[in-house]
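One structure is given below, encoded as structure tokens.
The values are calculated or read from the model by the stated rules, or taken from the named source; none is laboratory data. From a predicted model like this one, the values you see are computed outputs, not experimental measurements. All Cβ positions, even for glycine, are placed from backbone atoms using ideal geometry, and neighbour counts span all protein chains on display. Ligands, DNA and RNA are stripped out before the accessible areas are found, and what is left, the full protein with its side chains, is counted by its heavy atoms. Shrake-Rupley method; radii C 1.70, N 1.55, O 1.52, S 1.80 Å.
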Amino acid sequence: MQLARTDASIATFYGVHNGLAMGSINEAGSEEQKQKWLPPMARFEKIGCFGLTEPLVGSGASHGLLTTAKREGDSWVLNGQKKWIGNAPWCDISIIWARDVADNQVKGFIVENKKTPGFSVEKIQNKIALKVVQNGLITMKDCRVPEENHLQAGKSFREVAGVLRMTRYLVAWEATGCQMGAYELALKYAQQRMQFGRPIGSFQLVQDLLAKMLANITACQCMVARTAQLHAEGKLGDHQPALAKAFTTAKMRETVAWAREIFGGNGISLDYDVARYFADSEALYSYEGTYQMQNLIVGKAVTGFSAFL
Ligand SMILES: Cc1cc2nc3c(=O)[nH]c(=O)nc-3n(C[C@H](O)[C@H](O)[C@H](O)COP(=O)(O)OP(=O)(O)OC[C@H]3O[C@@H](n4cnc5c(N)ncnc54)[C@H](O)[C@@H]3O)c2cc1C
């Protein structure tokens, strides 16, 4: 929340490295793999990324990945592509989720980017959001990974879901912080910008926008704090993080749009910073599972019917 209050890109970099990449090793790795990889990653000596999404498979990742893994002796051969992978163009290791052709189950692999023939990354250009984060299109052509880099405790998509449960909950904190930063900029601007000989913050309609922004932020803070309590009590299922991610990102979109509105024409320029929050919020709304997918996870939990499997 505090990182995103200043910059959602930095929060995203950290979320990908710490939450998604380290989280995958923690969730699906053996004790030996955790001991080998997590300490240097915690010290930022090795930076990681998380490759789940593919050019043709996004929301439907749990339904079938196209990237394949084939066991050959003491190694695995990976083939396929991963799209939108944060940190991928420059990081040290990539967690790649692929479908084992032998049993059709999803398995995780630690790929050492620079040491693995057949592994290449193209930086995605022309993004409107999270400009500081480099996202990559990974291509794997007969990319050979030793068995020791196969995440040993991962047997199916269940481990991926376990990682995403935690990181979606963290995105809800990010979304809360992002709107806090935008609100603070808008409040300051409203107190300083003069129109009709008075600060615009003295107009009732501008105060109405600020009050609505504050209400959104307060509601989101309460929700993530409650989700944290459930986590601490060991009661976090898939649906509470999904509910929190959907609610906070939707409220964030409203809040950052109102903040931009208070800046008038200046809100369109990157020079006034509020536009950065406005653009970045679009990425937070869609990544780590879209708004619709989060609500379908909640819908499944409350009705007992899955609308997507
Ligand atoms: C900036 C950024 C960073 C990212 N970083 C990573 C990363 O580090 N690692 C990674 O693996 N991925 C990453 N992603 C990918 C991200 O998680 C996906 O973009 C997201 O899950 C949506 O998948 P998609 O883009 O393929 O959209 P699609 O799945 O094609 O969805 C398109 C639209 O259809 C809707 N839709 C799809 N299915 C249903 C349904 N059953 N019911 C109702 N609506 C539906 C969606 O909600 C959405 O509105 C990143 C994306 C972005 C933009």
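How many residues are in contact with a helix residue (DSSP H, G or I) (Cβ under 7 Å, 6 or more places away or on another chain), more than 9 Å from the ligand (Cβ to nearest atom) and part of a loop (DSSP other than H, G, I, E, B) when one looks only at the range 292-308?
Here the count works out to 1.
Only residues that are surrounded by 17 or more Cβ atoms within 10 Å (Cβ to Cβ) and assigned to a helix (DSSP H, G or I): list them for the range 258-269, please.
Within the range 258-269, Trp258, Ala259, Arg260, Ile262, Gly267 qualify.
Can you tell me which residue in the range 40-71 is surrounded by the most Cβ atoms within 10 Å (Cβ to Cβ), limited to those that are among the hydroxyl-bearing types (Ser, Thr, Tyr) and modelled with pLDDT of 95 or more?
The residue in question is Thr67.
Quick check on my filter: what residues within the range 203-231 are over 28 Å from the mean Cα position of the chain (by Cα) and either farther than 16 Å from Leu187 by Cβ or outside any helix (DSSP H, G or I) (or both)?
Correct list: Phe203 only.
Just to be sure I understand the filter: pairs with C-beta atoms under 7 Å, separated by 6 or more residues or on different chains, first member in the range 109-128 and assigned to a loop (DSSP other than H, G, I, E, B), second member surrounded by fewer than 15 Cβ atoms within 10 Å (Cβ to Cβ). Which pairs pass?
That search, which allows pairs on different chains as well, returns Gly118/Lys141; Gly118/Asp142.
May I ask you to list the residues in the range 19-68 that are closer than 27 Å to Met1 by Cα and either within 11 Å of the ligand (Cβ to nearest atom) or assigned to a strand (DSSP E or B) (or both)?
Gly19, Leu20, Ala21, Ser24, Gly48, Cys49, Phe50, Gly51, Leu52, Thr53, Gly58, Ser59
Answer yes or no as to whether His239 is at pLDDT below 95 and either touching a Phe, Trp or Tyr at 6+ places or on another chain (Cβ under 7 Å) or surrounded by 15 or more Cβ atoms within 10 Å (Cβ to Cβ) (or both).
So His239 fails the test.
Pairs please, first residue from the range 72-98 and open to solvent by 20 Å² or more (accessible area, probe 1.4 Å), second anywhere and at pLDDT below 95 and not aliphatic (A, V, I, L, M), Cβ atoms under 7 Å, 6+ apart in sequence or on different chains.
Sorted first by the residue in the range 72-98, then by its partner, the pairs are Asp92/Asn113.
Among the residues that make up the range 74-86, is at least one of them of a type in the set (D, E, K, R), more than 10 Å from the ligand (Cβ to nearest atom) and over 13 Å from Cys143 (Cα atoms)?
Yes: one or more hits.
If I filter the range 168-212 down to residues being farther than 17 Å from Glu254 by Cα and of a type in the set (S, T, N, Q), which single residue comes out as surrounded by the fewest Cβ atoms within 10 Å (Cβ to Cβ)?
Per the criteria, the residue is Gln204.
Those residues that are closer than 15 Å to Asp280 by Cβ, of a type in the set (Gly, Ala, Ser) and touching a helix residue (DSSP H, G or I) at 6+ places or on another chain (Cβ under 6 Å), I need them from the range 1-47; list them, please.
Ala4, Ala8, Ala11, Gly15
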